[in-house]
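Working notes, structure below.
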Amino acid sequence: MLRPKWLLLSVLLISNLFVIDFQALCQDYKNPNLPIDTRVKDLLGWMTLDEKVAQLRSTWSLVPRVNEELIHNPKKMDSLYGAGLGLINPDFENTVEQQVSLRNEIQHYFRTKTRLGIPVIFLDESHHGLLAQQADVFPTSIGLGCSWDTSLVERVYTYVSAQASSRGTSMVLAPVIDVARDPRWGRTGETFGEDPYLCGLMGSAVVRGFQGSSTGDILKDHVAATLKHFTGHGESLGGINQGPADYPERVLRSFHMEPFRLAILRVQPAGLMPAYVEIDGIPCHGNEWLLKQVLRKEWGFKGVVVSDWWAIDQLFQKHMVASDRRDAALQAFRAGVTVDLPMGKNYQELVGLLKEGKISVAAIDEAVAYLLRLKFKLGLFDQSDTISLQKARQEINRPEGRYLALEAAKKSMVLLKNNFHILPLDRNKIKKIAVVGPCAGVNYTGDYSGIPIHNVSILEGIWDEFPGKVVYAKGVSLSQNGDSISYNNYQNSGLIVAPDPAENKSMIDSAVEVAKDADVIVCAVGENEQYSREAEGDDHMGDESKLELPANQDELVKALIATGKPVIVYLMHGRPRGIGYISQYANAIIDGWFTGEESGHAFAKILFGDACPSGKLTISIPYSAGQLPIYYNRKPSEHFYAYVQEKKTPIYAFGYGLSYTSFSYSHLRVEAVHGRSAVVAHVSVDVTNTGAVAGDEIVELYIHQKVASVTRPVKELKDFSRVSIGVGETRKVEFDITIDKLSYWNRAMQFVADPGIFEIMVGGSSTDLQKADFDYKP
C-alpha cells in the first residue's frame, strides 16, 4: 500500500543526547530478523514509482563514470541516480584496485545518499573464471564438460565465486547451458556440448558452486548465478550468432529447454537470461509464452530475468517487431523481462507506459519484488562493510587456484588417437622433441577469458618436463592482427587480418628443418579467439561457414608428417574442427580445447604419462560442415543414408575418448523397482580395468524407447558416472532410472512416461554400448 508523502519524511525528536529517527524505526525492511517476503512487501510500500522503475534499470559501471568530480557533486549524482538503481554492469579493464575503489564509492552513495538506501548489485561475467585482470582462468565449458566430473565443476566455480565476491561482485552472468548443435557457431566453446541432460547437470554443478547451495540460498563468499541463454541459442540458423531458432515446440522442449528445466528444478538459480534469437517469429525477449507460461508457471522460477545486452533494443532495431523504444520496453516487460541490461534506457519508458494505462502498478511491484528479494538474499541490506582491497588481493594468484586449474585441464583433455601406444612418451628413449605450431608458444584461453597472472603454453609445459631437449618453430601465423592475450583477441580486435600464405609457406619450410633432427614432433594447431568468439557485428565476427583448420595448418601438419618422424597433434580450439587428414595420418591426437591457464603443464603431464587421459567428448567432431547437423541423439530417419562422397558418421562421436589403460564391461543388469517411488528401475554394470595403469573411466548410460507416439532419438544420455579403477580392479557402477528419465513430450504435448519396452545401454561411449531391455509397467 502506498503511504502518504508525509510519512516518508523523517520525524526527528532531538533531546540532549539522542536523535531518534522514527522513519527508520518504522521501516521493517531494515530489520534482518524478519522474513525476506515481509521485508520486500514493506520496502515496496515505501517506494515511489520512480524508485521502483529505477530498480528495473541498470548501467555500465555508471555512465558518466564516477570520479572525484562527480562523486563530490551531489546535485549531479542525485539527478542521475537519486531514485536508485538495480544493477551495475562490469568494467572489464579496471585493475583490482580501481574496481574495489570504484565499487566502494558507488555502493556508499546508494546506501547513504539515496532516500531509502537500497544497495546495487554489481554484475560480472564468469564463464570459466572471473572476467577480470589477475583472475584465474579455467577450461572453457566445452573442455570442462569433457571431464564429465560434476564434483570438479562445482569446486571450480566455488573457487571462482570466492574470487568474484572478494571484489564486490554479487551476481554473475553464467553459466551458459545452451545445447550446441551447430559447431559453426562461434560460441560453441561456451557450452557444455550437444546433450541436454549433460548440459543440465553440468550447469547445475556450476550454480551450486556459485551460490553455495542447491536450495536457492546464496551463502557467504558466493554469488548469484544466471542461466543463459533461454532458448534455442545453440542451434541458430546457419550457425550465425543470434540467428532464428525456428524449431517446433517439441524440439525446443526436448533439447534446448531441457537443461534449463533440469537446473531450475535441481538448484534454483537466482537469475536467467533470455536468448537473442527468435522462435516462430517471436524474439525470446518479447515471448510471454516462454518467460511467463513455461518459466514462471510451469517451472515455478522465482528468480530475476535479466535481458541480454541490448536485446530489448533489438526488438525495434533488428527484429522489427516494435515500432520504437517505448514499444520495445512494453513488449519486453509484458513478456516477463525483469531488468533491462546494460544501460537501462528502454525501461526509462515504464513510468510513461504506466501513466498511459498500458502496464499496471501491480505488474511493476511484481517485477521489482523479484529484484528486491534477490538483494535481500544476497545480504546487501545487512552489510555495512566496504569491499576489502586486502581480501581481494588475497584471492589473487592463490596456489589452490593453479592446482585446481591443472586438475581441471588434465581431466578435460581427450585422447582421440594413440597408434601403437606411442603415448605416453618415454623420457629415457627420447633425446630431442620438436614443438611446432601456432598454438604451441602461446596459450589461448578462449572467449570470455580474464587475464591470469600465469598462463602456461604447451611449449613452456613441455620444457618444464624435458628441459634443454626441446626445439621450437611457430610453423604458421593464425592472423596478422592477433594477440597473445586472449582478452584482446575476443574483445578488442576487429576484423581478422588473414596471414600471408607465402609467409606461412616459408615458416612451414623452416619448421620442417627444425623438426628433422628431433625424435618426435608435437604439433599444436587450432585457432585463436578471433576465429571462435561471440559475433557482435560486421567488424567483430566469430562464426564459421567451414570447419577446416584455418591459416595453412593442414599444410603444416602434412609437411611434418612427410618427415617420417612420429607426429603427435595437440588441438587448441573452441569448436570442433574438421581434422580428417590429421585423424588419418597423425600418430596420436590430444584434444585440449581452450583448457585454461595450466594447459601447458596438463598436456606435458599427459604426454609423459604422469597423468592418464580420461576426458570424453561432449560434442561430435564432423568430417566437414557438409555433414551438419550431426549429433549422437539423432532421430531414426536422420543420417539414414550415407553421402555420395562422405560418411554419414562423425570422425569422433559423442562420449568417445581413449585412455592409457583399457576397460571392459560385463554383467549389465536392469531390475524393475515396484512401488510408488520415482525410481522405476535399477541398473548396474561391472567395469574392469584390464590395462597396465590405474585410470578413470566415464561410464555412460543411454536409453531408447522402442515404440512411442512420436519419433524418439536413437539414444539419449540419461546418466553417467566417473569412476577411478585400479589395475585389475572391478567396480560395480550403479544407476537409477526414474520416471523423469523415461518421460518425453508425446503426441498430445504431455510430458509423460509411456508403458513399453525401453532399451537400456551402458558403455564407454555413445557407439560402444552393452544393451538390455526394460519393460516399463506403471
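The values are calculated or read from the model by the stated rules, or taken from the named source; none is laboratory data. What you are looking at is a predicted structure, and each value in this text was computed from that prediction instead of being measured. Methodologically, a virtual Cβ is constructed for each residue, glycine included, from the backbone with ideal geometry; neighbour enumeration extends over all protein chains shown. These accessible areas exclude ligands, DNA and RNA; they are computed on the full protein's heavy atoms, side chains included. Shrake-Rupley method; radii C 1.70, N 1.55, O 1.52, S 1.80 Å.
Taken residue by residue, the range 711-727 has no member that is assigned to a strand (DSSP E or B), among the charged types (D, E, K, R), farther than 30 Å from Ala408 by Cβ and open to solvent by 20 Å² or more (accessible area, probe 1.4 Å). When Gln348 is tested against (1) among the polar types (S, T, N, Q); (2) surrounded by 19 or more Cβ atoms within 10 Å (Cβ to Cβ); (3) out of contact with any Leu (no Cβ under 8 Å at 6 or more places or on another chain), just one condition goes unmet, and that condition is (2). Among the residues of the range 601-654, write down those that are part of a loop (DSSP other than H, G, I, E, B) and of a type in the set (Val, Ile, Thr). Hits for the range 601-654 are Thr618, Ile619, Ile630, Val644, Thr649, Ile651.
Hey, does the range 528-547 have a residue that's of a type outside the set (D, E, K, R) and open to solvent by 70 Å² or more (accessible area, probe 1.4 Å)? So far as the range 528-547 goes, yes, one or more of its residues are of a type outside the set (D, E, K, R) and open to solvent by 70 Å² or more (accessible area, probe 1.4 Å). Just one of the listed residues (Gly243, Gly216) is of a type outside the set (Asp, Glu) and either free of Cβ contacts under 8 Å to residues at least 24 places away in the same chain or over 29 Å from Gly281 (Cα atoms) (or both), and it is Gly216. The residue list Leu371, Leu341 contains one member that is surrounded by 20 or more Cβ atoms within 10 Å (Cβ to Cβ), among the aliphatic types (A, V, I, L, M), in contact with a Ser or Thr (Cβ under 7 Å, 6 or more places away or on another chain) and under 18 Å from Trp46 (Cα atoms), which is Leu371. As for the range 191-200, it holds no residue that is open to solvent by 10 Å² or more (accessible area, probe 1.4 Å), small (Gly, Ala, Ser) and more than 26 Å from Glu544 (Cα to Cα).
Can you tell me which residue among Ile462, Ile561, Ile485 is surrounded by fewer than 22 Cβ atoms within 10 Å (Cβ to Cβ) and touching a helix residue (DSSP H, G or I) at 6+ places or on another chain (Cβ under 7 Å)?
Working: Ile462 fails: surrounded by fewer than 22 Cβ atoms within 10 Å (Cβ to Cβ); Ile485 fails: touching a helix residue (DSSP H, G or I) at 6+ places or on another chain (Cβ under 7 Å).
Result: Ile561 is the single residue among Ile462, Ile561, Ile485 that is surrounded by fewer than 22 Cβ atoms within 10 Å (Cβ to Cβ) and touching a helix residue (DSSP H, G or I) at 6+ places or on another chain (Cβ under 7 Å).
Just so you know, in the range 756-769 the residues that are touching a residue at least 60 places away in the same chain (Cβ under 8 Å) and touching a His at 6+ places or on another chain (Cβ under 9 Å) include one that is nearest to Thr688 (Cα to Cα), and it is Met761. If only one of Met77, Met47 is among the hydrophobic types (A, V, I, L, M, F, W, C), open to solvent by less than 10 Å² (accessible area, probe 1.4 Å) and at pLDDT 95 or above, which one is it? So the residue among Met77, Met47 that is among the hydrophobic types (A, V, I, L, M, F, W, C), open to solvent by less than 10 Å² (accessible area, probe 1.4 Å) and at pLDDT 95 or above is Met47. Could you please let me know if Gly401 is within 32 Å of the chain's Cα centre (by Cα), at pLDDT 95 or above and small (Gly, Ala, Ser)? Spelling it out, Gly401 is indeed within 32 Å of the chain's Cα centre (by Cα), at pLDDT 95 or above and small (Gly, Ala, Ser).
If you go through the range 518-551 and pick out every residue that is assigned to a loop (DSSP other than H, G, I, E, B) and within 20 Å of Tyr570 (Cβ to Cβ), you end up with 12. Among the criteria (1) surrounded by fewer than 16 Cβ atoms within 10 Å (Cβ to Cβ); (2) at pLDDT 95 or above; (3) among the hydrophobic types (A, V, I, L, M, F, W, C); (4) in contact with a Phe, Trp or Tyr (Cβ under 9 Å, 6 or more places away or on another chain), the one Leu34 does not fulfil is (4). Taking every residue in the range 407-427 that is closer than 15 Å to Gly592 by Cα and pairing it with any residue that is in a helix (DSSP H, G or I) and open to solvent by 40 Å² or more (accessible area, probe 1.4 Å), at least 6 positions away or on another chain, the pairs with Cβ-Cβ distances below 8 Å are Ala409/His601; Lys410/Lys605.
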